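Worksheet for the structure shown next.
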Amino acid sequence: MAGLELFQRMSVEQVAKGLELHPFEIIRILVADGSLSSDLRLDASSVERVRVAGGLETWWASNPSAAPGHDVTLALLRELLQKVLARGYVEPRGVRADNLFRGLDTEYQRGLRRAVNALIRGGVFMSSMSATGLTLSVAPAREADLRLFVVEGRGPVSHLWDQD
């Protein structure tokens, strides 16, 4: 490998920052993919391999806005759940948990994470570990409740996060 090419490769920490992941998650994905290099440096094709093998997606292009007098976290949650249902992430299909938040500023992520955690505790989301990270899926028995909340903003799902 040429000297210049060696310096153009990125560290795991640099890649993790760019992909909004913890460095351990990068290592986990590379190990699961069987492509962990001995020098722990990654080039552009390795970064793309991490993105594909890890199932990384950016769901948010910008931070949300809510109509005056409306709770931004609640509006964000309904939009998120609509995306989850539209993409068919009902058990047994799952999505990387961190995809739900990628692209949002920390402030928005924090409120949304609390609500998602409440949905896990309430049995609406099922969580499991895969070789590439934490995944979430809608519990089939709660799909109708979730759809009611997304469409009308009411039902058994609407107050789960009030218990925090």
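Sort out which residues of the stretch 1-27 are modelled with pLDDT of 90 or more, of a type outside the set (A, V, I, L, M, F, W, C) and under 15 Å from residue 96 (Cα atoms), and write them in order of number.
22, 25
Of the residues that sit in the stretch 80-96 and are open to solvent by 10 Å² or more (accessible area, probe 1.4 Å) and aliphatic (A, V, I, L, M), which one is farthest from residue 59 (Cα to Cα)? Write out each step before concluding.
Pass one, the stretch 80-96, residues open to solvent by 10 Å² or more (accessible area, probe 1.4 Å): 82-83, 85-94, 96.
From the residues that got through so far, the ones that are aliphatic (A, V, I, L, M) too are 85-86, 90.
On the way: 85: 13, 86: 12, 90: 17 Å.
Residue satisfying both the conditions and the ranking: 90.
Among the residues of the stretch 9-20, are any open to solvent by 80 Å² or more (accessible area, probe 1.4 Å), closer than 19 Å to residue 134 by Cβ and in a helix (DSSP H, G or I)?
Narrowing the stretch 9-20 to residues open to solvent by 80 Å² or more (accessible area, probe 1.4 Å): 13-14, 17, 20.
Then keep just the ones that are closer than 19 Å to residue 134 by Cβ; that gives 20.
Then keep just the ones that are in a helix (DSSP H, G or I); that gives none.
Within the stretch 9-20 (the criterion being open to solvent by 80 Å² or more (accessible area, probe 1.4 Å), closer than 19 Å to residue 134 by Cβ and in a helix (DSSP H, G or I)), the answer is no, since none of the residues qualifies.
Counting only residues that are touching a residue at least 40 places away in the same chain (Cβ under 8 Å) and buried (at least 19 other Cβ atoms within 10 Å of the Cβ), which one in the stretch 116-134 is farthest from residue 158 (Cα to Cα)?
132
Does residue 107 satisfy the criteria of being over 25 Å from residue 28 (Cβ atoms), out of contact with any Pro (no Cβ under 9 Å at 6 or more places or on another chain) and open to solvent by 50 Å² or more (accessible area, probe 1.4 Å)?
Values: over 25 Å from residue 28 (Cβ atoms): yes; out of contact with any Pro (no Cβ under 9 Å at 6 or more places or on another chain): yes; open to solvent by 50 Å² or more (accessible area, probe 1.4 Å): yes.
Taking the combined requirement at face value, the residue satisfies it.
Examine the stretch 26-43 for a residue that is assigned to a helix (DSSP H, G or I), under 23 Å from residue 109 (Cβ atoms) and free of Cβ contacts under 8 Å to residues at least 24 places away in the same chain, and state whether such a residue exists. Lay out the reasoning, then the answer.
Here is the first cut: in the stretch 26-43, the residues assigned to a helix (DSSP H, G or I) are 26-33.
This time we only want the ones that are under 23 Å from residue 109 (Cβ atoms), so: 26-29.
Checking which are free of Cβ contacts under 8 Å to residues at least 24 places away in the same chain leaves us with 27.
Checking the stretch 26-43: at least one residue is assigned to a helix (DSSP H, G or I), under 23 Å from residue 109 (Cβ atoms) and free of Cβ contacts under 8 Å to residues at least 24 places away in the same chain.
Quick check on my filter: what residues within the stretch 56-76 are touching a helix residue (DSSP H, G or I) at 6+ places or on another chain (Cβ under 7 Å) and at pLDDT 90 or above?
Looking only at the stretch 56-76, we keep the residues that are touching a helix residue (DSSP H, G or I) at 6+ places or on another chain (Cβ under 7 Å), and these are 56-57, 59, 63-64, 66, 73, 76.
Once the filter is applied, which keeps residues that are touching a helix residue (DSSP H, G or I) at 6+ places or on another chain (Cβ under 7 Å) and at pLDDT 90 or above, the stretch 56-76 yields 56, 57, 59.
If the requirement is being buried (at least 18 other Cβ atoms within 10 Å of the Cβ) and assigned to a loop (DSSP other than H, G, I, E, B), which of these qualifies: 77, 56, 146?
Numbers: 77 fails: assigned to a loop (DSSP other than H, G, I, E, B); 146 fails: assigned to a loop (DSSP other than H, G, I, E, B).
Every option except 56 fails the conditions.
The values are calculated or read from the model by the stated rules, or taken from the named source; none is laboratory data. Here the structure is a predicted model, which is why all the values come from computation and not from measurement. Neighbour counts run over all protein chains shown; Cβ positions are idealised from the backbone, glycine included. Quick note on the areas: whole protein, heavy atoms, side chains included, nothing else; ligands and nucleic acids left out. Shrake-Rupley method; radii C 1.70, N 1.55, O 1.52, S 1.80 Å.
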